[in-house]
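Here's the structure we're looking at; comments come further down.
The values are calculated or read from the model by the stated rules, or taken from the named source; none is laboratory data. If you're wondering where the values come from, they're calculated on a predicted model, not measured in any experiment. Quick reminder, even Gly has a Cβ in these numbers, built from the backbone with ideal geometry, and neighbours come from all protein chains shown. Note: areas computed on protein heavy atoms with side chains; ligands, DNA, RNA excluded. Shrake-Rupley method; radii C 1.70, N 1.55, O 1.52, S 1.80 Å.
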Amino acid sequence: MQRPPQDPLISGPPRWRWPWGRGRDVEIGALTPRPAATLESPTPGAPKAARPQQIGVETPGPAGWKVFLVRLALGTAVFYHLAPQIGRVVGPGNARSLLTFVGERMPLVLEVDIGRWFALGASGWLWQPLLAGMAGVILRIVAYNGARRNPQGAIWIAATALAIDAATWVFMGMRLSGDAWSPAEGAALTTLLKVEAAVLFGLFCLLAATGGQKPGGTDARINRS
């Protein structure tokens, strides 16, 4: 009786064979690893495949005159609002004398005595709480540094600082009439707040009219090369 063929995977290792007979059971080259596929070199004279377009994003900086105007306004505001803080070191009386000394040496601008307005307006802020005063100064410094990349965004930050000062004046300063500031100082302070607001609004309109960046927008442009 003939036995059925057994599965080599189940029946165990194959029987012993002569060494010269093993080559007939294994296909030559079957166990040799094949090299990885390589890119075919282009045939001389054949047309080259078109390179895919590289799409990049350009972020051009703002115009120099925009940065200059915004920084000029913000730098002046920082100097004006930082000057009253000297009163915390030398006292209100000495601070008024020092501010008057500095104001007398400022030149006239378009026949306007800005030194007098500076001395009176800064003296009117000598009562301002430290937290409110330094918060406004720090915001303006941040806006000044950020004007190099985004002048219109810097205006919004400076407007926030102006709102802090205006709220401090309305809810606290106006109650100190005659005690912490004189009528001349109060009038100069109010006038300079209005001037600062007008300058920021004028710069905002100018930048918007000349293609300034909108709040939340971007100046990035697609560059196809």
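If you take every residue apart from residue 72 with its C-beta less than 14 Å away from the C-beta of residue 72, what net charge results, scoring Lys and Arg +1 and Asp and Glu -1?
Details: positive: 66, 71, 140, 148; negative: 196.
The answer is +3.
Could you give the length gained by full extension between residue 184 and residue 167, i.e. 0.36 nm per residue of separation minus their alpha carbon distance, to one decimal place? Before the final figure, lay out each step's value.
On the way: separation 17, 0.36 × 17 = 6.12 nm, distance 2.02 nm.
Difference between extended and current length: 4.1 nm.
Between residue 106 and residue 156, what is the label-to-label distance in nm when each label sits 7 Å out along the Cα-to-Cβ direction?
3.0
How much of the accessible area of segment 80-225, probe 1.4 Å, is carbon plus sulfur, in whole percent?
Details: 5530 of 8220 Å².
Heavy-atom surface of segment 80-225 belonging to carbon and sulfur, 1.4 Å probe: 67 percent.
Segment 105-166: percent of C-alpha pairs farther apart than 16 Å? Walk me through the numbers on the way to the answer.
Numbers: 1089 of 1891 pairs.
Result for the distance tail: 58 percent.
Rounded to a whole number, what is D in µm²/s for segment 63-205 from Stokes-Einstein with the Kirkwood radius over alpha-carbon pairs (37 °C, 0.692 mPa s)? Show your work: numbers first, answer last.
Working: Rh = 15.4 Å.
Calculated translational D: 213 µm²/s.
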